[in-house]
Amino acid sequence: MRKESIVVILSGGIVGLLSVLLTVKIFGDNTNPPNMGFCIACFERDTAGALGLHRAEPVQYIRPEILGIIIGALIASLLLREFRSEGGSSPVLRFLLGMFVMFGALVFLGCPLRMVLRIAGGDLNGLIALCGFIAGVLVGVLLLKAGFNLGRAYPLKTINGWILPAIIIVLLILAITVPVFNPKASALPDGRTNSPIFSSIKGPGSQHAPLLFSLIAGIVVGVLAQRSRLCFAGGVRDTILIRDIHLLSGFIAVFAVAFFGNLIAGKVKFGFEGQPIAHTEHLWNFVGMALVGLGSVLLGGCPLRQLVLAGRGNTDSSLAVLGMVAGAAFAHNLNFASSPQGTTDWGRAIAITGIVVCVLIGLLNREKS
Amino acid sequence: MIEIDARGLSCPIPVLQTKKALEKNPTEVTVLVSAKVQVENVTRMARSKNYEVKSVEEDKKEGFFKIHLARKSK
């Protein structure tokens with residue numbers, strides 16, 4: 001086996017292992033929510049909530065995993081001399097695509113990584129979502145074959161690539177110190193105040209592994225994902241497009257290790273009903289994840305890959321990440337986001353709209369060969 | 001000699017453009033890419049199409065890589 005393949009499989013395996021460890025009680029009683037050791041979409045959404053960009057009280061927490069992934073990618077890219085400030089490849093379109101990827105993810109309730117983790121926990125809704133994801137990637141592949149291209153990124157002054165990592169360092173300081181910026185922002189019925197920086201008192205946002213463990217797990221994933229180029233959309237895309245299973249093997253390694261880890265931890269429960277932070281609307285699990293698959297192919301990588309590219313200086317990916325954060329805020333403020341009770345009318349409408357918008361973006365950005 | 005300028009393009013477009021060029025069965029192809037990851041991706045695809053990487057030159061000043069591919073003799 002080539003070294004490259006070993007690196008991607010090993011990285012996938014470690015991501016799978018950390019995903020399980022973040023949901024078991026090894027460093028105290030609080031852990032990440034079930035089947036949510038990592039979820040790029042959910043964690044960006046929680047972080048948006050912590051800053052008060054949306055006010056959905058159960059999902060507000062600066063997730064150190066997100067910060068860690070960007071810091072890890074930054075460290076690895078500096079050490080490997082791959083850090084490179086660049087940008088200019090349709091940045092506004094990438095912001096928009098990031099928003100729609102987030103809308104799709106919040107209709108399903110998870111990014112591609114959490115989809116894999118949900119399947120690894122026995123959540124069969126994840127399998128329906130996987131079919132949707134593959135369908136979305138397939139549409140993206142057809143658009144690529146038709147000449148879709150968002151254009152070149154050009155080298156930028158170094159400072160540009162450091163902006164998102166700098167924001168992340170500020171967020172890390174806020175996550176550690178949890179300052180109160182506005183005590184009058186929100187008074188709770190029991191007399192306590194929940195003020196920005198928000199931190200959920202109940203709900204998924206209140207479920208989190210200890211900060212230091214989450215941060216280190218994120219950094220490890222960031223380093224490995226930068227080194228191995230791990231990408232969930234890329235895995236399916238390359239398998240269909242060029243019959244190359246290199247990235248897919250990383251995807252499968254995440255699943256295999258998470259599944260066996262969950263088995264050992266006694267966390268596998270097969271079925272559609274009663275799965276944690278999930279709903280059973282098959283059509284919309286399919287459509288939501290189809291939107292994520294399609295949007296991710298147009299962006300050139302899944303939400304995890306966008307974080308990693310942003311960490312290594314790609315400002316176009318920074319825009320996609322910021323688009324996802326804005327999308328999360330809109331999704332909760334405007335009631336697009338699903339809950340375990342199911343999808344919303346607006347969520348279903350926005351998922352369909354998103355697919356139409358992505359196909360239009362795909363068609364309008366074809367390059368003649 | 002075919003030269004493909006895939007600098008600054010997102011995944012998987014450098015690979016697709018190279019693949020398209022290799023389908024014309026040229027003896028040699030040069031591919032310009034910006035990132036190390038694209039060097040790896042183009043290399044992997046070229047090998048699967050019976051091409052070998054003769055050299056990879058890095059232009060540090062301009063920040064890109066020049067990959068020389070050549071068809072393997074049977």
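Quick look at the numbers
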| quantity | calculated |
| --- | --- |
| Among (1) in contact with a strand residue (DSSP E or B) (Cβ under 6 Å, 6 or more places away or on another chain); (2) within 11 Å of another protein chain (Cβ to nearest Cβ) - the single one B:Lys72 does not satisfy | (2) |
| B:Glu58 being without any contact (Cβ under 8 Å) to a residue 24 or more places away in the chain, touching a strand residue (DSSP E or B) at 6+ places or on another chain (Cβ under 6 Å) and either within 14 Å of chain A (Cβ to nearest Cβ) or more than 30 Å from A:Thr158 (Cβ to Cβ) (or both) | yes |
| Test set (1) among the hydrophobic types (A, V, I, L, M, F, W, C); (2) in contact with a Lys or Arg (Cβ under 7 Å, 6 or more places away or on another chain); (3) in a helix (DSSP H, G or I) - A:Met36 fails condition number | (3) |
| Matching entry among B:Glu52, B:Glu3 (being open to solvent by 10 Å² or more (accessible area, probe 1.4 Å), more than 22 Å from A:Phe148 (Cα to Cα) and among the acidic types (Asp, Glu)) | B:Glu52 |
| Selection within the range A:131-155 - under 15 Å from A:Leu283 (Cα atoms) and either outside any helix (DSSP H, G or I) or open to solvent by 10 Å² or more (accessible area, probe 1.4 Å) (or both) | A:Cys131, A:Ile134, A:Ala135 |
| Residues within the range A:253-276 that are open to solvent by 20 Å² or more (accessible area, probe 1.4 Å) and touching a strand residue (DSSP E or B) at 6+ places or on another chain (Cβ under 9 Å), tallied | 4 |
| Residue list for the range B:6-34, restricted to those being facing another protein chain (nearest Cβ under 7 Å) and not hydroxyl-bearing (Ser, Thr, Tyr) | B:Arg7, B:Gly8, B:Leu9, B:Cys11, B:Pro12, B:Ile13, B:Val15, B:Leu16, B:Lys19 |
| Sole residue being in a helix (DSSP H, G or I) and over 19 Å from the mean Cα position of the chain (by Cα), chosen from A:Leu224, A:Leu263 | A:Leu263 |
| Failed criterion for B:Asn50 (all others in (1) facing chain A (nearest Cβ under 10 Å); (2) at positive phi hold) | (1) |
| Test: residue in the range B:7-25 that is in a helix (DSSP H, G or I), in contact with a helix residue (DSSP H, G or I) (Cβ under 7 Å, 6 or more places away or on another chain), without any contact (Cβ under 8 Å) to a residue 24 or more places away in the chain and not basic (Lys, Arg) | yes |
| Filter result (open to solvent by less than 40 Å² (accessible area, probe 1.4 Å), more than 10 Å from every other protein chain (Cβ to nearest Cβ) and touching a residue at least 40 places away in the same chain (Cβ under 8 Å)) within the range A:229-252 | A:Leu230, A:Phe232, A:Val236, A:Ser249, A:Gly250, A:Phe251 |
| Selected residue (only one of A:Thr315, A:Thr344 is modelled with pLDDT of 95 or more, open to solvent by less than 50 Å² (accessible area, probe 1.4 Å), over 18 Å from A:Arg114 (Cα atoms) and within 14 Å of chain B (Cβ to nearest Cβ)) | A:Thr315 |
| Residues being open to solvent by 10 Å² or more (accessible area, probe 1.4 Å) and either touching a Ser or Thr at 6+ places or on another chain (Cβ under 6 Å) or part of a helix (DSSP H, G or I) (or both) - total across the range A:277-289 | 6 |
| Residue, farthest from the other protein chains (Cβ to nearest Cβ), within the range A:356-369, restricted to residues that are open to solvent by 50 Å² or more (accessible area, probe 1.4 Å) and in a helix (DSSP H, G or I) | A:Val356 |
| Members of the range A:1-43 that are within 14 Å of another protein chain (Cβ to nearest Cβ) and not acidic (Asp, Glu) | A:Met1, A:Arg2, A:Lys3, A:Ser5, A:Ile6, A:Val7, A:Val8, A:Ser11 |
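Residue by residue, here is whether (1) closer than 19 Å to A:Gly347 by Cα; (2) open to solvent by 30 Å² or more (accessible area, probe 1.4 Å); (3) at pLDDT 95 or above holds:
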site	(1), (2), (3)
A:Ile70	no, no, yes
A:Ala76	no, no, yes
A:Met102	yes, no, yes
A:Phe108	yes, no, yes
A:Leu113	no, no, yes
A:Arg118	no, no, yes
A:Leu124	no, yes, yes
A:Ala129	yes, no, yes
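Per-residue answers, yes or no, for (1) open to solvent by 40 Å² or more (accessible area, probe 1.4 Å); (2) assigned to a loop (DSSP other than H, G, I, E, B):
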site: B:Val29; (1), (2): no, no
site: B:Asn41; (1), (2): no, no
site: B:Arg47; (1), (2): yes, no
site: B:Glu62; (1), (2): yes, yes
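Residue-by-condition table, conditions (1) at positive phi; (2) modelled with pLDDT under 95; (3) among the basic types (Lys, Arg):
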site	(1), (2), (3)
B:Lys24	no, yes, yes
B:Val33	no, no, no
B:Asp59	no, yes, no
B:Glu62	no, yes, no
B:Phe65	no, no, no
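The values are calculated or read from the model by the stated rules, or taken from the named source; none is laboratory data. All of these numbers come straight from a predicted model, not from anything done at the bench. All Cβ positions, even for glycine, are placed from backbone atoms using ideal geometry, and neighbour counts span all protein chains on display. When the accessible area is computed, the model is the full protein with side chains, heavy atoms only, and any ligands, DNA or RNA have been set aside. Shrake-Rupley method; radii C 1.70, N 1.55, O 1.52, S 1.80 Å.
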